[in-house]
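Accompanying notes for the structure given below.
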Amino acid sequence: MTARATAAARSAPREAEPRTPLRPVPSVRHPRAPSPSLWGRARRRLSPVSVAVVLVAASLVAVVVGNMQLAAGQLRLQQLQADLVAVQSAYASTLQKVATLEGPATIAAQARDHHRVPPSEILQIPAVSLARPLPAPTFSSAPCCSLTPGR
Amino acid sequence: MRTPRRARSTIGVRSRGSLRRRVNVLRTIVLVGVCGLVVQLVNLQVVRASHFQQLSASQLLSNVTVPALRGGIFDRDGQLLAESIPTRTVVADDFQIANPVQEAAVLAPLLGVAASTLVPKLTERNGYVVLAAHLPIGQATTLENDALPGITLLDSSARSYPDGALAGSLLGGTHADGTGSAGLEYEYQSLLAGQDGVERVFESPNGVALPSAQPVVVQRPVPGTGLELTIDAPLQFVTEQALGTELVDAHGLTGTAVVLDTRTGQILSMASLVNTNESDPSIVAPPTWPTPTGIPGVYESQNNLAVTSIYEPGSVFKIVPFSEGLTDGVITPTSPFAVPDYVTLDGHDFHDAEQHGLEHLTATQILEYSSNIGTYEISSRLGEDRLLSGIRRLGFGRPTGLGFPGESPGILMTAAGFAPTDMAALPIGQVDAVTPLQVLDAYNVIANRGVFVTPSLVRAYLGADGAIRSAAPSAQHEALTPAVARELVHMLIRVVAGGTGTQAAVSGYTIAGKTGTAEIPYAGRAAYVPGAYNATFVGFAPAQHPVLSMIVVIQRPTPVIYGGSVAAPVFARVMSYALHRYGVPTSRRVSAPSLQGGSVTFLQDVT
């Protein structure tokens, strides 16, 4: 087949085929068309980059807040520790004062101030058996006269 | 005309597709980058956080040891004897102080130091100057609130002894850093000290503490364990006062007195005093604590003389041949002896304290009048081996088990070195060197029906959480039979009833005991210091049912040297108080057994 014959064949009309009646094509929504909802619009606006940035920022804020909480707790602990030491110190000082006042040296000194002295001799009476009856007491006669002086 | 448009359209579509792809690639790269950052953030902040914290800490933080509060020491009734009070140490970094004069003016009233004294310290260019070692917490808080530049406050504690010098030789003391230096403070250092804590403070790289940076508590300090002693503070006071007064009156150099609970071995009082009014160039005086005792010139010894000093005990050692003789059946309390005035052994004369003719004495009278020659005769019957084993049987030659730092086991004669003269010198307490506590333990064996009880000083341990843990009871073993102990008690009663120890008598109670007066040897020389004696009295009461045992030793009294005249009165005073204090029932009237024997005229006991 020559080139001319081919061209003639192309230009020759084809036999007409029965054609379906024309009708309006139903509108087809684009599968990637944006959703009309609010979330859809927001999602369209938030790119992955934005999400990542927000995540990073939120993480940083969380870390900072956490550290602040820890520091605040540490400060409070420190303050409590200082209070504890102060109370311990006061307790120990009070204990020492009490111990000094209770000490035998202090008591002896106070007694001396009140003109109280240890006895030069303590006479301890020997134990007596209770199985044996005690001797009957002896009574002397009444004095003949009053012992009151000046009368 | 349509073909170019179609071509442009194709190119535009391709171009948009390519752009989209590029944007997607870029987005992916950025996303991967951000994800990488997030991963790295998590890695740094979470996974490897501790590592980087450590790195940071090593550069900024330095660990500071926070000393634990030292445990307290109490007597048997809970009376406080020693405690630690939290304080602060004020340290200045003078490199940070720009205006030392102004800062000194602020510091002076708080530290109680003149500003003129502080200014040179604040300009030392040292970097670490301690301005006050033990500042009370109240003043320290004020100083802290002032936040003066270059001033740092460190935790510390001050050891306090509320009763002053009371029991100083027993309690000991602490170094400047708070560790025990002597006595019980030293012995129980590990218990009393507790566990130090750790704090991290922020510092600049050159080691300067950063202002207003709060320290981080890494480990809280654990307070030390407290000690409840067997000591009775009022009895300790009375013992020290009686001993100190006698020390001054008798012109003694040092004095030791110990009161022991006979059954339990608990030490109720233990005093070691030094009379600084007296001195002897031939006798070295022990160091003293500076706190006054209330008796002029008398101070607490830094050494617990009852356990750390050894001495030739003299006649109180005669209990060894008597106990061995009775155990062995060599003698009975009524065994008769013909006692001359002196004996000569290997060219050496041994004599009694006082001249007398040939006396016929029983064994009891030999002990009662402390006859040296009579004791030699008993020892001769025993022989060397029995004598040496008898010494060890009563606890001499080894530590008492008290565990006190520096406790001496004593120095005993061995069989290898036994000389002929030792048969006379050893039983009268002239050869062996022993501690006063060993002598007391030996007599406590007799008081305790032949049972040796290890002495103790600690009754309980008081934990930081308030828990009380009792100390283990003292170990016991039988050293003498009860029958021998009973016979010895009766013999010792005679010593106080009519022998050399009459001044140890306490009205209402039967006392058993023994006197001793022994020469003092030179240190490192085989000779005795002329005119220097140790006077001893050791005994227990009530004799029939002993509750308390006690020893008194006074070194180099003068001019009266005898144990029966110098040490026995101290025994009587302290024992009288103690028996009354503990409500010990009085003894029944004891009629001393009539003993057959000669007319004894010697009433002293010098060996």
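Quick notes
- Looking only at the stretch B:560-582, residues that are hydrophobic (A, V, I, L, M, F, W, C), assigned to a helix (DSSP H, G or I) and either under 26 Å from residue B:533 (Cα atoms) or without any contact (Cβ under 8 Å) to a residue 12 or more places away in the chain (or both) come to 8 in all.
- The listed residues are B:140, B:82, B:104, B:92, and the only one of them that is more than 29 Å from the chain's Cα centre (by Cα), within 11 Å of chain A (Cβ to nearest Cβ), among the hydrophobic types (A, V, I, L, M, F, W, C) and crowded, with 21+ Cβ neighbours inside 10 Å turns out to be B:140.
- Those residues of the stretch B:423-462 which are touching a strand residue (DSSP E or B) at 6+ places or on another chain (Cβ under 6 Å) and more than 21 Å from residue B:546 (Cβ to Cβ), in sequence order: B:424, B:429, B:433, B:458, B:460, B:461, B:462
- Of the listed requirements (1) over 19 Å from residue A:78 (Cα atoms); (2) away from every other protein chain (no Cβ under 14 Å); (3) surrounded by fewer than 18 Cβ atoms within 10 Å (Cβ to Cβ), residue B:146 misses just one: (1).
- Considering the stretch A:85-119, the residues that are assigned to a loop (DSSP other than H, G, I, E, B) and either more than 10 Å from chain B (Cβ to nearest Cβ) or farther than 17 Å from residue B:235 by Cα (or both) include one that is modelled with the lowest pLDDT, namely A:117.
- Considering the conditions (1) closer than 25 Å to residue B:486 by Cα; (2) free of Cβ contacts under 8 Å to residues at least 12 places away in the same chain, residue B:344 is excluded by exactly one of them, (1).
- Of all residues making up the stretch B:509-528, the number that are within 26 Å of residue B:571 (Cα to Cα) and hydrophobic (A, V, I, L, M, F, W, C): 4
- The set of residues in the stretch B:17-28 that are facing another protein chain (nearest Cβ under 10 Å) and either exposed (fewer than 11 other Cβ atoms within 10 Å of the Cβ) or of a type in the set (S, T, N, Q) (or both) contains only B:28.
- All told, residue B:460 falls short of being small (Gly, Ala, Ser) and at pLDDT below 95.
- One residue from B:74, B:52 being modelled with pLDDT of 85 or more and aromatic (Phe, Trp, Tyr): B:74
The values are calculated or read from the model by the stated rules, or taken from the named source; none is laboratory data. This one's a predicted model, so the numbers in the text were calculated from it and none came from an experiment. Counting neighbours? That spans all protein chains shown, and the Cβs are built from the backbone with ideal geometry, glycine included.
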